[in-house]
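Following: one structure in structure tokens, then a few remarks.
The values are calculated or read from the model by the stated rules, or taken from the named source; none is laboratory data. From a predicted model like this one, the values you see are computed outputs, not experimental measurements. Note that we place each Cβ from the backbone using ideal geometry, even for glycine, and neighbour counts take in every protein chain shown.
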Amino acid sequence: MRFPITAMTAASALALAACSSSPPEQLPPQPAPVQETPAPAPTPTPTGPVPGTNAHFMSQMQGRNVVYFDTDKFDIDADDAASLQAQAEWLMRFPDSQATIEGHCDERGTRDYNLALGERRANAAKNYLVGLGVDAGRLSTVSYGKERPVALGSDEASWARNRRAATIVID
């Protein structure tokens, strides 16, 4: 029995030896280097407020969103005009934005008088913005009279800060 196994093993070895090949006379060419395209740079994540929002408006205005008035007055002076010009430029850059102009007064005077004066102040600011080209349909007004002071105090400095019209962009 040993003979057939030895014979088969020898036959298998001969068959495998016959399958071996000699090395080729010429090697195939080297593959061309692959051009790696750089990955696109990631889109930078915006920092700061979203353009067209109230936060963006406030950051751009840097305090110029408020105009101040003299006692019992609602006329626009040169300082107010510069602030309103900056507001109008911003509003025209963002035509989908709408704004509310709040009229405020100091604590002196009756509630009804201050509500009426606050309304005249808000309308004076609105009319000025409209005169600069802002669509009136994008602007609304509200008077808070003396109900929302920014400065608590019964002195001229506090009263001067409270006599104002503030523009707020509606998000």
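Checking each residue in region 42-72 for being farther than 27 Å from E107 by Cα, in contact (Cβ under 8 Å) with a residue 24 or more places away in the chain and hydroxyl-bearing (S, T, Y) picks out only T53.
Take the conditions (1) farther than 19 Å from A81 by Cβ; (2) surrounded by fewer than 16 Cβ atoms within 10 Å (Cβ to Cβ); (3) under 26 Å from the mean Cα position of the chain (by Cα); (4) in contact (Cβ under 8 Å) with a residue 12 or more places away in the chain; G137 misses just one of them, which is (4).
Filtering region 95-119 to residues that are crowded, with 17+ Cβ neighbours inside 10 Å and either at pLDDT below 95 or not small (G, A, S) (or both) leaves I101, E102, H104, C105, D106, N114, L115, L117, E119.
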